[in-house]
Amino acid sequence: LPSLRHQPVEVSPTASAWWHGTQRTTEGPVRVAAFAGPGLVGSGREVLEVRSIWPDTQTFVGADATGQAFAQTAGSVTIAHVAAHGTHISQNPLFSSVQLSDGPLFAYELQPGNVPPHVVLSACELGEVTVRPGEEALGLTSVLLQHGARCVVAGVADVNDDLAAEVMVGYHRRLAAGSDAAAALADAVAASRTVVPFTCFGAAWSA
């Protein structure tokens, strides 16, 4: 909405979850793993841009950008950036997935405690959720938060690949400069001068 341009917004499942997320801190240097999935225009260039912003970023491009690589590195890094196509399955949200070189990585395959504090899903739709009985919201983003991520940035609608890359690179620059996730995303989206449907879920993480 025009009135929310530059306005940091955090979307959390509960107030207590948001509060606990704000109380957790990240120790030591920021470690980043960036994955470039297949079929996404400019995904390789995007992860190289991310590596130029964060020292010692591990990059996974082409055949190296696998679900297995994600599982092996996710628990040991601070930020996981995934530039890949994704799909939200409303009929069965746990089958929502992100497309990597060895096939889809499904929400149900993620392991509790084996996700980084901050996850960036530079793809379409992966911020969508389906509300189940009991008002439980399920989807890839909600599973990441339940498994230990403090903050997930993800899209809630289709977005042009080039525009997504531009906004996400701007987001990382602001994050590395000291902004928290909500403020960095708000400023990066505002700088694009168009509608970009990325949302900060959980509690705004900062480096």
Tell me, how many Å apart are the Cα centres for the range 63-106 and for the range 147-177?
15
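For the chain, what is the calculated [θ] at 222 nm in deg cm²/dmol (nearest 500), taking -39500 (n - 2.57) for each run of four or more DSSP H residues and dividing by its residue count?
Calculated mean residue ellipticity at 222 nm is -9000 deg cm²/dmol.
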Vicinal HN-Hα couplings computed from phi for the range 143-157 (Karplus, 6.51 cos²θ - 1.76 cosθ + 1.60; Hz; Gly/Pro x):
5, 4, 5, 5, 8, x, 5, 8, 8, 10, 9, 8, x, 10, 7
Gyration tensor on Cα atoms of the chain, a ≥ b ≥ c root eigenvalues, a/c under 1.5 rounded, else prolate if a/b beats b/c, else oblate, says rounded
Give a residue-ordered list of calculated ³J(HN,Hα) values for the range 104-120 (Karplus: 6.51 cos²θ - 1.76 cosθ + 1.60, θ = phi - 60°; whole Hz; x for Gly, Pro).
x, 9, 7, 4, 5, 7, 5, 10, x, x, 10, 10, x, x, 10, 10, 10
Global geometry of the range 141-207, whether rounded, prolate or oblate, following the gyration tensor of its Cα atoms and the 1.5 cut on a/c:
oblate
What nm distance separates the two modelled labels at D56 and H147, each placed 7 Å from Cα along Cα→Cβ?
2.5
Heavy-atom surface of the range 1-97, accessible at 1.4 Å and reported per residue (Å²):
55
Residues whose built amide H sits under 5 Å from the amide H of H81, excluding neighbours closer than 5 in sequence, are A33, A34, F35, V120
For G86, what residues show an amide H to amide H distance below 5 Å, using hydrogens built from the backbone and excluding near sequence neighbours?
Q99, C124
May I ask you to derive the FRET efficiency for W18 and A177 from their Cβ-Cβ distance with R0 = 22 Å, giving the value to the nearest 0.05?
0.40
Which whole-Hz ³J(HN,Hα) couplings does the range 163-169 yield from phi under the Karplus relation 6.51 cos²θ - 1.76 cosθ + 1.60, θ = phi - 60°, glycine and proline marked x?
5, 4, 4, 4, 5, 5, 5
Given the chain, what percent of its DSSP beta bridges are antiparallel, to the nearest 5?
45
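The values are calculated or read from the model by the stated rules, or taken from the named source; none is laboratory data. Because the structure is a prediction, the values reported are computed rather than measured. Positions of Cβ are backbone-derived with ideal geometry, glycine not excepted, and every protein chain shown enters the neighbour counts. Only protein heavy atoms, including side chains, enter the accessible area calculation; ligands, DNA and RNA are left aside. Shrake-Rupley method; radii C 1.70, N 1.55, O 1.52, S 1.80 Å.
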